[in-house]
1. Using the structure shown, decide if LEU106 is of a type outside the set (Asp, Glu), crowded, with 19+ Cβ neighbours inside 10 Å and free of Cβ contacts under 8 Å to residues at least 40 places away in the same chain.
2. So is GLN59 polar (S, T, N, Q) and out of contact with any strand residue (DSSP E or B) (no Cβ under 8 Å at 6 or more places or on another chain) or not?
3. Under 8 Å between Cβ atoms, which residue pairs at least 6 apart in sequence (or on different chains) link something in the range 126-149 that is touching a residue at least 12 places away in the same chain (Cβ under 8 Å) with a partner that is loosely packed, with under 13 Cβ neighbours inside 10 Å?
4. Taking the criterion of being more than 15 Å from GLY39 (Cα to Cα) and without any contact (Cβ under 8 Å) to a residue 40 or more places away in the chain, would at least one residue in the range 84-98 satisfy it?
5. I'm trying to understand the selection: among the residues of the range 109-125, which are touching a residue at least 12 places away in the same chain (Cβ under 8 Å) and assigned to a loop (DSSP other than H, G, I, E, B)?
Amino acid sequence: MTRVLFVCLGNICRSPLGEGILRRLAEERSIPIEVDSAGTSDYHIGELPDHRAQRVGTQRGCEMTMRARQFNSSDFQAFDLIVVMDRANLRSVVRWPGAIPEKVRLARSFDANATSEEVPDPYYGDLSDFQEVADMLEAACNGILDEID
Ligand code: 4NP
C-alpha cells in the first residue's frame, strides 16, 4: 500500500484538496493507498479546510473534514511519496531536518499536460482560483495513480 502525503504552506487550501481528490480517485480506481496532508507552516494547525476548498472539494465528491497539521521530520519515514504544490514548499521540505529528498516531488510533475510547474496558492484568490487548483490536482492525482498502479 503506497502512502502519499500532500504538502502546501497552510494545509487548508491546496493539500487538503489533493488529499480529498486522491482518496476519491483511488477508491474509484480500486487502488489501495494511504493519503494525508500537511503544511510547512504552523499558521492554521487544527483548522478545517478553507470554506472555499471545502465547497469545491465537496462539489467534486470529496470528504473535506480533515484538520490542518504541520509537516514534521517523521513524515519522511511515514510516507513513500511527498507531493508538494510549489517551489517554496519544495525548498522547505528538502531543507527539513531528516529530509529524504528522493521522496519529494512537485504535484504537477505527475501531469504530462501541465503547462506550468506549480499549483498556485489560491488563498488570496476567489472560488474560480480554487476550481482551477482542483482541476490541476485531479490531473496530478490521476498521474500519481498511474505511476502507483
Ligand atoms: P495553502 O494556502 O498553502 O494552499 O493552504 C494558504 C493558506 C493560508 C496562508 C497561505 C496559503 N496563509 O498565509 O495564512
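Please treat every number below as a calculation from the coordinates, not as lab data. Just so it is clear, the model here is predicted, and its values are computed rather than measured. Backbone-built Cβ (ideal geometry, glycine too); neighbour counts: all protein chains shown.
1. So LEU106 passes the test.
2. Here the answer is yes, as GLN59 does meet what is asked.
3. Qualifying pairs under 8 Å: ALA139/ASN113; GLY143/ALA112.
4. Scanning the range 84-98, I find at least one residue that is more than 15 Å from GLY39 (Cα to Cα) and without any contact (Cβ under 8 Å) to a residue 40 or more places away in the chain, so the answer is yes.
5. Within the range 109-125, ASP111, ALA112, ASN113, ALA114, GLU117, GLU118, VAL119, PRO120, ASP121, PRO122, TYR123 meet the criteria.
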